[in-house]
1. Please go through the range 30-48 and pick out each residue that is within 11 Å of the ligand (Cβ to nearest atom) and either part of a loop (DSSP other than H, G, I, E, B) or among the acidic types (Asp, Glu) (or both).
2. Could you list, in sequence order, the residues of the range 167-216 that are under 16 Å from Ser15 (Cβ atoms), within 16 Å of the ligand (Cβ to nearest atom) and of a type in the set (Ser, Thr, Tyr)?
3. Residues in the range 5-24 that are farther than 20 Å from Val201 by Cβ and more than 14 Å from the ligand (Cβ to nearest atom): how many?
4. So, Leu175, is that one buried (at least 17 other Cβ atoms within 10 Å of the Cβ) and in a helix (DSSP H, G or I) or not?
5. Checking Ala27 against (1) over 30 Å from Ala208 (Cβ atoms); (2) assigned to a helix (DSSP H, G or I); (3) within 16 Å of the ligand (Cβ to nearest atom), only one condition comes out false. Which one?
6. Is it true that some residue in the range 123-135 is more than 28 Å from Val6 (Cα to Cα), buried (at least 18 other Cβ atoms within 10 Å of the Cβ) and not hydroxyl-bearing (Ser, Thr, Tyr)?
7. List, please: which pairs have Cβ atoms under 8 Å, are six or more places apart or on different chains, and start with a residue in the range 96-118 that is over 15 Å from Asn57 (Cα atoms) and end with one that is aliphatic (A, V, I, L, M) and not in a helix (DSSP H, G or I)?
8. Surrounded by 12 or more Cβ atoms within 10 Å (Cβ to Cβ), at pLDDT below 95 and more than 12 Å from the ligand (Cβ to nearest atom): does that describe Ala155?
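The values are calculated or read from the model by the stated rules, or taken from the named source; none is laboratory data. Given the structure is predicted, the values throughout are model-derived calculations rather than measurements. Every residue, glycine as well, gets a Cβ built from its backbone with ideal geometry; the counts of neighbours run over all protein chains shown.
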Amino acid sequence: MKTKTVPVIAVDGPSGTGKGTVAARVAQVLNFHLLDSGVLYRLLGIAVLKAGIGLDNGQAVAGLAKGLNISFSSAKLGTVLLDGEDVSLQIRTEEGSNMASRVGAIPEARSALLERQLDFRKPPGLVADGRDMGTVVFRDAVLKIFLTASLEERAQRRYKQLIDKGIDAKMSILLQELSERDARDSERKASPMIPAADAFVLDTTDLAESEVASQVMQLVRNAL
Ligand code: DC
């Protein structure tokens, strides 16, 4: 099967909309591959910190992006290794989120990560989650979904996640950081976060996870 003919379902939107959960669920139901593109930006952000490279040095950041030594542990689901080191927890910290958003604003870094993302497109299909899956990386996706939710609801969800994990959190700081990241992700010149013209936009503010999943699955059934 030619790569181009492998169906892709693109799930885009800001953090806290539930796109990661719903993308994983759709991939599981369809037995499709899953690309969580945010992980690549998160790993690059951590690699940049480790290498001590300045964010103003786009060429060096892109160089690092091209050579990123990433692996996913098959022993434990969700475990991500950078140069053989388990960074699964580090990439999910607020620092990891902020660094990901910062490197994501560097055009050279985005181009350097493009090929890696395209490589995930393998039979029988791919569910790709991110910010620009439907607008840039997989423009020919058979289905494009853009999830939204109010800033307050997204911050509340993040707060609950952190507290449930026993991590101290402050609503006011979460609100501020989320809105800064939203602004950076949607106002950047390279692949800004916007719904594709042909995307289904779904507001999840007042929806339970199961309701989001069933609405998305209905769209998937109509598209395939
Ligand atoms: O999906 P996420 O919350 O893990 O993404 C973290 C950051 O990575 C996000 O704020 C911006 C960047 N990102 C991006 O620029 N493009 C993508 N396709 C995915 C993530």
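1. Result: Asp36, single match.
2. Ser179, Ser186, Thr204
3. Looking only at the range 5-24, we keep the residues that are farther than 20 Å from Val201 by Cβ, and these are 5-7, 24.
Now narrow it down to the ones that are more than 14 Å from the ligand (Cβ to nearest atom): 5-7.
So the count comes out to 3.
4. Yes, satisfied.
5. (1)
6. no
7. What qualifies is Arg116/Leu68; Gln117/Leu35; Gln117/Ala128.
8. no
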